[in-house]
Amino acid sequence: MSREKLEVADVFRAHGQQWRDEHQGHVSLAQLKVMSGVEHCRSEVLGGHVLYCPACKHVQIAYNSCRNRHCPKCQASAAKRWLEARQTELLPVDYYHVVFTLPQAISELAYYNKSVMYGLLLKAAAKTLLTIGADTKHLGARLGVTFVLHTWGSAMTHHPHVHGIIPGGGLSLDGDKWVSCKAGFFLPVRVLSRLFRRLYLEGLREAYEHNKLLFFGDCLPLEDEIPFLVWLNNQRKVEWVVYAKRPFSGPKAVLAYLSRYTHRVAIANSRLVGMDKQTVSFKWKNYRVKEQNRHRTMTLTKDEFIRRFLLHVLPSGFHRIRHYGLTANTGRKKNLAKARQLLNVKVPMALPDEDKTDEEKAHEPLPTFICPCCGASMVVTEVLLHLYLPRAPPKRLS
């Protein structure tokens, strides 16, 4: 028999309770919820259902998932649903991948101010692209931007950056034509970097003036105005990294690429190598060395592994996938319809069942539950309740 694959849930089940006890009072409610969700995902604690196959009489118990967006096991189905919704929005043009990264000094402060500074990162990056794209010196068009926030490096260190997927062109400023980029070239990254730095630092100073920033640890001295302004001025002298990759080879390649980025978490279960009573080992990439020597194995203590994983828990209600410009939620349908009209592209329409060919029907979604033994459709015969009982209201004192 093959050994079961190691999961992040196994690390949390083995060492999570001890870690919580040792760090009591220093763990946020959001982090506790993530740990609880990952530990109990697809276990009897969350309940489930009993499946029965009428064809071969096979019985199977399927437990519910936690559906937490930080859980490595719950992202595949969420990514699939998101990609299906985005598929009809792609245009038959080149797409470019742009990455905006925060410098290390800014990242340290961002950890204590996730909602403010992560949100500012997304807004400043979007405004940078839309401003330079609309400039007639460069493109003179209204762009559409889809951003995905990542807060981790390959070693699970704190490394906030956003991945942007942008069509290679946009609607002209008067909306009468489609303006395409030069072949193989999107926008000058040096110009993007300078404007991004200015916009972000202006937004950061505004947040400080409105008392929206918190300062802890090594960042505590920045709480006073003069040290903060000196520190802020130093960040203007630092090179801010904006990276633009070559265009994709068509809309299908864009979807394949997005599927690897949209619902990724700090570490996938497939990267875990081993665990013992004191350490956890996992695969990582060292991007500072040559391509052939990047793949390595890192071993951390169990405490450090859990700490690094929880560094990347996002605030409740924070949207890590955002759309701007032509693809912004408020005008997406209208803007994409105009773009298709100018590009002479027909809108894909869903065919009614009677008009579908046999090949199209063969690609229709299969039944929800498939028997692993014979491939027939399975039915739910029993629902298993979760083990958490609702809390009763507090008793009134007589």
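Some observations on this one:
- Between the listed residues Asn211, Asn269, His295, the Cα displaced farthest toward the positive end of the dipole of region 183-300, a dipole computed from Cβ unit charges relative to the Cα centre, is found at His295.
- Of the GluC sites (Glu not before Pro) found in region 213-288, the ones in coil according to DSSP and having at most 15 other Cβ atoms within 10 Å of their Cβ are Glu239.
- Counted charge near Leu195, where neighbours are those whose Cβ lies closer than 11 Å (Asp, Glu -1; Lys, Arg +1): +3
- Percentage of interatomic Cα-Cα distances in the chain larger than 29 Å: 56
- Three-way shape call for region 168-285 based on the alpha-carbon gyration tensor, with the a/c threshold at 1.5: oblate
- Surrounding net charge for Asp303, when Lys and Arg each add one and Asp and Glu each subtract one, Cβ distance under 13 Å: +2
- Full-stretch length increase - Cys374, Asn344 - with 0.36 nm per residue and alpha-carbon distance subtracted: 6.1 nm
- Heavy-atom accessible area order for Leu220, Leu229, largest first, 1.4 Å probe: Leu220, Leu229
- Over all pairs of different C-alpha atoms in region 35-173, the reciprocal of the mean inverse distance, the Kirkwood hydrodynamic radius, equals 18.7 Å.
- GluC sites (Glu not before Pro) lying in DSSP loop within region 1-61, provided at most 10 other Cβ fall within 10 Å: Glu4
- Where only DSSP H runs of four or more residues are counted, the chain gives -10500 deg cm²/dmol as its mean residue ellipticity at 222 nm, each run worth -39500 (n - 2.57).
- Cα-only radius of gyration and Dmax that characterise region 83-164, units Å: 14.8, 42
- Binned Cα-Cα distance frequencies in region 149-206 - 5 Å width, integer %: 4, 13, 13, 18, 20, 16, 10, 5, 2, 0
- Alpha-carbon centroids, region 208-244 and region 99-150: separation in whole Å: 17
The values are calculated or read from the model by the stated rules, or taken from the named source; none is laboratory data. What you are looking at is a predicted structure, and each value in this text was computed from that prediction instead of being measured. Neighbour counts run over all protein chains shown; Cβ positions are idealised from the backbone, glycine included. When the accessible area is computed, the model is the full protein with side chains, heavy atoms only, and any ligands, DNA or RNA have been set aside. Shrake-Rupley method; radii C 1.70, N 1.55, O 1.52, S 1.80 Å.
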